[in-house]
Amino acid sequence: MSYYKFKENDLFVNTIEAYPDVKFYIQSGSIYINNQSYISGTTYSGLELVGDNIDGVPRNYISLYQYNINRNQGGLVESTTGRIYPWVVKDSNKTSFKSLTKEQYNTQFNYDGIQITSSYNLSASITRYRITSSQTTRVIPPGTSVKRLNPYYLYTLRNILNHYKYLSPYYAFSNYTGTLADATNPEVNLLTIPSIFYGSSIKKGSVNLRYYISGSLVGQASDIAYDGALVQVSGTTTGSVVGTVLYNEGFILLTSSAQLNPSLIKYEDANPTTSSWCRFGYGSNDGNILSLNASSASFSIEFQGKNHIQTMTMLTKAPIGELNNSNNPTYLKNSAKSLEMNTSGTYEYIETKRILKNIVPADYTDIEPPMQKETYISKIALYDKNRNVIGYAKLATPVRKTEEREFIFKLKLDL
C-alpha cells in the first residue's frame, strides 16, 4: 500500500452558495413541510406516549439532525429510554448546558464527577401571531409568570423595520403601530420562520404566498420588486401591497384586511367572517381551536433559502510508474504453485516464486502479449497523521492503471 501526503497546492477550500426550495402547506391545523406526509411512529416522554411521528418530534415540526428515529422505549429518565442524549461531566472546567442556570448547576449537581444530562430531539416549526388593537399592553407584576401579549413581538421588531426603510417605505414601523390604536388599520398577521429552514437568509424575491378557499386560489402575493414588499398578483386586490418580508430575520408581516372571498369562515373571532391576508396561515401553531368550516381554508408558503457551504477540494495523484502492484490474491496467476506457502528448514528459507497474471488485452487468443503490470483503482482512502482511516472515496467504475499512465482524482468534502 502506498501513502501520499497532500501538498500545499493539493487542497482548496471554496464557499458554495445554495438556494434550497422550501414549501409549507397549512390546512386544518396541520403543516406539511416540503410536501412530505407524516410517517407513523411512537414518541415517548418518560412513560407517556406524546406523539406518533417517526422523527421523534410533534407533527408540524422538523427535527434537527433527526436523532432518535422511532426510538420508542419508555423510561423515567433519558438514560433509561434507549434514546440518545447529550451529557457532560461536572469538573473544574464548569462545562454545562445553556438551559441550566448557575444556581441549578451548583445546587442540583453538587460534586465533581457527576454526569449532567439533557435531552433530544430539537425541533422547530413556523408560528403565527395575530396582533390586534384589542390587545393592549399591561404591567407584568414582579415574580409572576404571565404570558406576554402578541403586541410585544411587534415592538421587538421596531429597530429592524425602521432599518430597512431605505429599501421600501412599507417597512416603516409607523405603518404597524396604528394596529394598536387606529381602527383604520386594525391588525397585523406575523409569521415567524426559524432559520433552520432557510439558512443564513431568505433569497430576495423568492417568497410566494397562496390563499385557497375550498381548493380554489383566491389570492396570491409575491415580492415582485425584490424590495421586501409583498404585492398581490392575483385576487380581488391585485397590485396592492399586503405586507412585508424580513429576509435576514425570517419574518413575514401581513397587514391587508381587504376581502379575498365572500365566503364566511369562523377564524379567531366569535362570528364567521370573510377571508383576508390577516387570516393567512390560520392554524400554524397559533393555539387556535379549528372550527369545522375553517378546514376549507388552506395556505401555501414558498421561498428559497440561502446557504453558504464550505467545501474542501482535494487533489489525489496516481503518478507514472507507481501504484502498479497489488496484495490482492487475484493479482497472481491462478495456479497452485503461485499460491504456495514459503518453505523453510534448518539450513534454508525458500520463497515460492509468484507469477503475476497477465491481463493485457491481445488481438489473438493463441499468442500471449508482452507482460505489463496493471492494476485497477477502485477506492481512495484518506488518513490522518496517525494513519487512521477517516474517510473513503469510491469510484463508480474502477480505473485501469498502467505504468505509463498517471491520474489526478478530485475529491470534494462539505465542511
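So, of the residues in the stretch 227-247 that are at positive phi and not in a strand (DSSP E or B), which turns out to be surrounded by the fewest Cβ atoms within 10 Å (Cβ to Cβ)?
If we take residues in the stretch 227-247 being at positive phi and not in a strand (DSSP E or B), then GLY239 is surrounded by the fewest Cβ atoms within 10 Å (Cβ to Cβ).
Out of the stretch 92-129, which residues are β-branched (Val, Ile, Thr) and part of a loop (DSSP other than H, G, I, E, B)?
Across the stretch 92-129, the qualifying residues are THR95, THR101, ILE114, ILE126.
Which pairs have Cβ atoms under 9 Å, sit 6 or more apart or on different chains, and link a residue in the stretch 365-391 that is under 24 Å from LEU413 (Cα atoms) and in contact (Cβ under 8 Å) with a residue 24 or more places away in the chain to one that is assigned to a strand (DSSP E or B) and among the aromatic types (Phe, Trp, Tyr)?
Listed by first residue and then by second, the contacts come to ILE377/PHE407; ILE377/PHE409; ILE380/TYR392; ILE380/PHE409; LEU382/TYR392.
Looking at the stretch 5-23, I want the residues that are outside the structural domain of GLN304 (by TED's automatic domain parsing) and in a strand (DSSP E or B) and have a partner that is exposed (fewer than 10 other Cβ atoms within 10 Å of the Cβ) and at pLDDT below 90 with Cβ atoms under 9 Å, at least 6 apart or on another chain. Which pairs are those?
Between residues of the stretch 5-23 that are outside the structural domain of GLN304 (by TED's automatic domain parsing) and in a strand (DSSP E or B) and residues that are exposed (fewer than 10 other Cβ atoms within 10 Å of the Cβ) and at pLDDT below 90, the close pairs are VAL13/LEU415; ILE16/ASP414; LYS23/ASN35.
Can you pull out the residues in the stretch 302-335 that are assigned to a strand (DSSP E or B), in contact (Cβ under 8 Å) with a residue 40 or more places away in the chain and of a type in the set (A, V, I, L, M)?
Selection gives ILE309, MET312, MET314, LEU315, ALA318.
Before we move on, is THR352 at pLDDT 80 or above and either exposed (fewer than 10 other Cβ atoms within 10 Å of the Cβ) or in the same structural domain as PRO398 (by TED's automatic domain parsing) (or both)?
On the way: at pLDDT 80 or above: no; either exposed (fewer than 10 other Cβ atoms within 10 Å of the Cβ) or in the same structural domain as PRO398 (by TED's automatic domain parsing) (or both): yes.
Answer is no for this residue.
Might you let me know whether the stretch 346-353 holds any residue that is closer than 17 Å to LEU323 by Cβ, free of Cβ contacts under 8 Å to residues at least 40 places away in the same chain and not in a loop (DSSP other than H, G, I, E, B)?
Scanning the stretch 346-353, I find no residue that is closer than 17 Å to LEU323 by Cβ, free of Cβ contacts under 8 Å to residues at least 40 places away in the same chain and not in a loop (DSSP other than H, G, I, E, B), so the answer is no.
Got a sec? Which of LYS401, LYS373, LYS385, LYS410 is more than 29 Å from the chain's Cα centre (by Cα), surrounded by fewer than 12 Cβ atoms within 10 Å (Cβ to Cβ) and of a type in the set (Lys, Arg)?
None of the others qualify; the one that does is LYS385.
Of the numbered conditions (1) over 24 Å from TYR164 (Cβ atoms); (2) touching a helix residue (DSSP H, G or I) at 6+ places or on another chain (Cβ under 8 Å); (3) outside any strand (DSSP E or B), TYR211 fails exactly one; give the number of that condition.
(3)
When only residues in the stretch 96-114 that are within 30 Å of ASN70 (Cα to Cα) and among the hydroxyl-bearing types (Ser, Thr, Tyr) count, which is modelled with the highest pLDDT?
Here the residue is SER96.
Scan the stretch 270-281 and tell me whether some residue there is in a loop (DSSP other than H, G, I, E, B), at pLDDT 90 or above and hydrophobic (A, V, I, L, M, F, W, C).
The answer is yes, given that some residue of the stretch 270-281 is in a loop (DSSP other than H, G, I, E, B), at pLDDT 90 or above and hydrophobic (A, V, I, L, M, F, W, C).
Tell me, yes or no, whether the stretch 196-206 has at least one residue that is at pLDDT 95 or above and over 30 Å from THR15 (Cα atoms).
no
The values are calculated or read from the model by the stated rules, or taken from the named source; none is laboratory data. Source: prediction; values computed, not measured. For neighbour counting, all protein chains shown are included, and Cβ atoms are generated from backbone atoms with ideal geometry for every residue, glycine included.
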